[in-house]
Structures are given as structure tokens and as C-alpha cells.
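The values are calculated or read from the model by the stated rules, or taken from the named source; none is laboratory data. Every value quoted in this text rests on a predicted model; they were computed, and no experiment measured them. A quick note on method: Cβ atoms are made from the backbone with ideal geometry, for glycine too, and the neighbour counts reach across all protein chains shown. In case anyone asks, the SASA skips ligands and DNA or RNA and just uses the protein heavy atoms, side chains included. Shrake-Rupley method; radii C 1.70, N 1.55, O 1.52, S 1.80 Å.
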Amino acid sequence: MKNKLLIVDDETKILRSLKFLLEDNFEVYTSENSSEALDIFKRERISLVLLDLRLKEDNGFDLMEKFLKIEPNAIIIIMTAYSTIENSIKAIKSGAYYFITKPIDSDQLILLLNTADEKLKMVQKIHSLKGHVKKDIIGEAPNIKKVTEIIDRVKDTNATILITGESGTGKELIAQKIHTSSNRADEPFVAINCAAMPGNLLESELFGYKKGAFTGAYKDEIGIIRRADRGTLLLDEIGEMDLRLQSKLLRFLQDKEVRHVGDATTHKVDVRVICITNKDLKEEVNIGNFREDLYYRINVINIVAPPLRERIEDLKYLIPYFIEKYNISFNKNIRGITDEAYKILSKYEFKGNIRELENIIQRAVLLNTSDYIDVDSLYISPQEIIDSSHDSTKNYIKIYEGENMKEIEKKVIEFALEKNNQNRKWTADSLGIGVRTLRYKIKEYNL
Ligand SMILES: Nc1ncnc2c1ncn2[C@@H]1O[C@H](COP(=O)(O)OP(=O)(O)OP(=O)(O)O)[C@@H](O)[C@H]1O
Ligand SMILES: [Mg+2]
């Protein structure tokens, strides 16, 4: 798609010749005065402007400022016959992208506009991607749809949420999504990893401390829980918290009051708490590593992040999403993935789930030399591919002791249909029976 370009100059002749020069590459709009130019700029949502600094009744600088106020990402290229150093510096300082002097060298102009155009497309991409990352959990599989449905239902309640699931399944992303879609979205989202530090340090980080409460407490610190006031507190890897701190956390969850280490006063806090774990907490309770009462207190709503292998059909959304993401980071232009490479990924086990997929695509985008990601740039060895015993690739059927003739016949017909792509004529031929007999059997066995 061509980007829109607005040219503002008070000389009709120049407008006409520039339009002629540039309309193959841009959707060109022209204007001779600033109020009309401003109208076009707003109406057409222009983000690329070629502007003459000396307009008849008004000043090009003022107009430029107005453009940039409306669209801070707009790229404005100044043209002027007065090629003074002061003017160029002033223009760049006020936000112009570049400065070009009249008479205009058309090669130079085209080169400049093409670079600007690339930059614009990049910015637009980043913006659309940012929107994506913030709002969207990518995927259409029923089990991930269920997750987004739960999020929708519980986002505005204050209920504590426990997110469980294997490593790399998007637990943290789910937590962020709960926060950003909730009515607390404008308030802080504070996350802490309970596995990252020893118990007493974690306690003082969470609950804050009074100056002098312990060696190293040089000043008062209100702690992470109070920092999350009115917002959301995410306790990642909650399963790693030691038992003593678990009881302090339980007390906090019950009365929503924080007491700093080394201080008797309490502070009321309003936070929504989300906990994450990839441990089996119930099992941790059984072996005495996790308090049962705390377990019930945090497990009001449980969201399970499904492993990628149970939503493998989402590869068709996830792969393009990550290709786009890393095209931008690495300034590459990979357009997609070959069918063979896609097939390999769809048979891959993904022990590291979406994080592993993301790493594979990231590496492939970086290393791939053609337009489409191919098998070689995946760096997956054949041993790592699940030997899928899909029906269509199976060359035998199993017969078990005790099965009767009808059951066996049903299996044989099912197998032959599968092998012949459900084509009845071919199936009948391969079994050495007539099509009518086959039709009768299909009905009888409800196939
Ligand atoms: N459904 C999804 N759509 C898009 N990106 C996703 C999705 N799920 C996960 N990701 C991405 O995969 C990566 C891993 O996700 P995240 O960190 O949320 O996983 P996690 O379950 O917290 O992993 P761990 O248990 O290892 O901490 C992140 O870059 C995240 O943005
Ligand atoms: Mg995580």
C-alpha cells in the first residue's frame, strides 16, 4: 500500500511538478495554504509532509508545529530556497525530519522520501504490534479461548487468582492481561519473583521496613505490596515461598493490612493479588511444603495455561506473529514459513512451550537467508520430532484377542476408507468388494 504524502508550497508550478514526480510511489495531496493543508492533514491522517518554509501569508514553522501536535510521529521534510544554516538547524530542532534546499534535486528527494517511507512503515508496524502485545493473547484454540473467557468474567472482581501451567505457556502474559483489561489498568502492576531471593529478603521487599530494622536498612521502605496499592500485585513462583513467609502472606490476604518489618503500625492496602506457579501446589500441600489454608485462600479462581502441544493448531497464528515481531527487531523482511518447515513444527514436542517456539522463530528470522523460513533454519533434528502415528500414516491395524468378526471388519473398512481418502469406489476396489456392499457396511457400522 502506498503511503500518503502531503506537499505544501505556495507555487502552483512546483506543486504540479512534484506531484508528477512522486505520484507513482505515493498517494499525493497538494495545498497552497496552511489552513487547507491542516484540513487535509487531519482528514486524511497524513504522516508524511513535504513543506515549504516560506508560504505567502503564513510561516512554515508554525504549520509544522501544528502538524506535529496532531501527529507526533509525522515525518516532515522542509523545502526552502533560503538555505541558511540557521533555518536548517531551527527546522530540525523543531522536529523536522530533514531539510532540502531548492532548486530540488529529484534523485535526492526520492531517496529521502523512500527512507522516510521505510521509517514510517516501521513505526506503523511497531505500533500495531505494541497494541497486539499489550492486549492480546494470541490463539484461537478452544482451551486458550476458555482462558480469555475466564479473564473476561473475573477481571473486575477483586478475587485472588492462581495461574498454573508448564514453563513458557504464557502465565505471566495472562497475569498482565488480567491487569490491563481490569478497572485497575491505570494503576500500578507490580510483579515479584518469590524464587529470586531468600525468605527474609523477600519479606522486607514485600512488606517494607523501617530504617534500622536490620543491618542494611538505611532508610524507610514502604515495600512492594504498598507500591501496588490500588493496582495489581503479581507473586510469581509462589510455590517457592518459605513456610514462615507463607503465614505472613496469609494474614495479609485476610485483612489487607501491611506491617513493615521493624514497625508496629499497620497500613490498609487495596490490591488484587495474582499468584503464579508451575508446581503442583496440591502436591506441595501434601508433602508439607505449602500451607493448606494459604492454598485455599489463593486458589479462589484457577486459570490453567494450556501447553502448546494441546493447542498446536494455534501455530498458524503464533508463527506469523513472532515472525513479524522479529522482523522488526532485526530489521528483516521474512514473509513466512515453508510448508515443510511448518510441518516439522507441528510435529515438534515443544517442552518449553510458547517460549521455545518464540526462540526457534527468533533464531530462524535471524539466520534465514531467503524470504521464507525453511527447514534448515529451524535447527530441529529429526529425533526431536514426535513420531506421529496419525491414522493416515499408519500401515497396519491391530486386532486383539477376543474381538469378534464384526468388530474386526469394522476396523478393516475404517482403515481402508482412511487410506483411500474416503473415496468409496477406491475403497471397495482395494477390499475386493462391491460399492453397494461397502455402502451397506458403512451404514451398518455407522462409519
Ligand atoms: N498466547 C500467547 N500469545 C503470544 N505470545 C505468547 C503467548 N503465550 C506466551 N507468549 C510469549 O511467550 C513467552 C513466555 O511467556 P510467559 O513468560 O508469560 O510464560 P510463563 O508461563 O510465565 O513461563 P515460566 O513458567 O517459564 O515463567 C513470552 O515472550 C510471552 O510473551
Ligand atoms: Mg513466568
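Out of the total accessible area of segment 227-279 (probe 1.4 Å, heavy atoms of protein only), what percent is carbon and sulfur? Each step should come with its number before you reach the end.
Details: 970 of 2250 Å².
The C+S portion of the solvent-accessible surface of segment 227-279 is 43 percent.
Using a 1.4 angstrom probe on heavy atoms only, work out the carbon and sulfur share of the accessible area of segment 46-111 in %.
In segment 46-111, the share of accessible area belonging to carbon and sulfur is 53 percent.
Using the Karplus curve 6.51 cos²θ - 1.76 cosθ + 1.60 with θ = phi - 60°, what ³J(HN,Hα) values do you get for each residue of segment 49-64, in whole Hz, with x for Gly and Pro?
3J(HN,Hα) across segment 49-64, in whole Hz: 10, 10, 10, 7, 5, 9, 9, 4, 8, 10, 9, x, 4, 4, 4, 4.
Can you run phi through the Karplus equation (6.51, -1.76, 1.60; θ = phi - 60°) for segment 199-206 and list ³J(HN,Hα) in whole Hz, with x for Gly and Pro?
These are the phi-based 3J(HN,Hα) values: x, 6, 5, 4, 4, 6, 5, 6 Hz.
For TYR372, what is the net charge nearby, where nearby means another residue's Cβ is under 13 Å from its Cβ and Lys, Arg count +1, Asp, Glu -1?
-3
With just the Cα atoms defining each centre, how far is segment 1-15 from segment 40-72? Give it in Å.
12
Under the rule a/c < 1.5 gives rounded, and otherwise a/b versus b/c splits prolate from oblate, where does segment 1-106 land using the Cα gyration tensor?
rounded
Just to confirm the filter: which chymotrypsin sites (Phe, Trp or Tyr not before Pro) across segment 37-83 are DSSP coil and have at most 16 other Cβ within 10 angstrom of their Cβ?
When the chymotrypsin sites (Phe, Trp or Tyr not before Pro) of segment 37-83 are filtered for loop state and at most 16 Cβ neighbours within 10 Å, TYR82 remain.
Within segment 1-88, list the trypsin sites (Lys or Arg not before Pro) lying in a DSSP loop whose Cβ has at most 15 other Cβ atoms in a 10 Å radius.
On the way: sites: LYS2, LYS4, LYS13, ARG16, LYS19, LYS42, ARG43, ARG45, ARG54, LYS56, LYS66, LYS69; in loops: LYS2, ARG45, LYS56.
In loop regions of segment 1-88 (DSSP not H, G, I, E or B), the sparsely surrounded trypsin sites (Lys or Arg not before Pro) are LYS2, ARG45, LYS56.
Of the peptides 372-379, 200-207, how do they stack up when ordered by the mean number of other Cβ atoms within 10 Å, highest first?
With the highest mean Cβ count within 10 Å placed first, the list reads 200-207, 372-379.
Based solely on its DSSP helices, what 222 nm [θ] is calculated for the chain when runs of n ≥ 4 H residues each add -39,500 (n - 2.57) and the sum is averaged over all residues, nearest 500 deg cm²/dmol?
On the way: 18 runs with 207 residues, N = 447.
Computed ellipticity for the chain at 222 nm equals -14000 deg cm²/dmol.
Enumerate the amide H contacts of PHE290 below 5 Å, restricted to partners 5 or more residues apart or on another chain; note that Pro and chain-start residues carry no placed amide H.
Those lying under 5 Å, H to H, from PHE290 are VAL285.
So what is the accessible area of segment 303-384 per residue, in Å², with the probe set to 1.4 Å? Mind showing how you got there, number by number?
On the way: 4310 Å² over 82 residues.
Heavy-atom SASA per residue in segment 303-384 reads 53 Å².
Once phi is turned into θ = phi - 60°, what whole-Hz ³J(HN,Hα) does the Karplus curve with 6.51, -1.76 and 1.60 give for every residue of segment 209-214, x standing for Gly and Pro?
With the stated coefficients, segment 209-214 comes to 7, 9, 3, x, 5, 8 Hz.
Within segment 201-302, what percent of beta bridges assigned by DSSP are antiparallel, to the nearest 5?
Approximately 45 percent, going by the DSSP bridge assignments.
How much of the accessible area of segment 335-447, in percent, comes from carbon and sulfur atoms when a 1.4 Å probe is used?
Solvent-exposed carbon and sulfur of segment 335-447 make up 49 percent of the total.
Output the antiparallel fraction of DSSP beta bridges having both residues in the chain, as a percent to the nearest 5.
Numbers: 6 of 44 bridges.
In the chain, approximately 15 percent of DSSP beta bridges are antiparallel ones.
In segment 393-447, which trypsin sites (Lys or Arg not before Pro) fall in coil by DSSP and have 16 or fewer other Cβ atoms within 10 Å?
LYS394, LYS398
Within segment 1-63, what percent of beta bridges assigned by DSSP are antiparallel, to the nearest 5?
10
Once label points are set 7 Å from the Cα along Cα→Cβ at both LYS219 and LEU366, what is their separation, rounded to one decimal in nm?
Each label point is offset 7 Å from its Cα along the Cβ direction, giving 3.8 nm.
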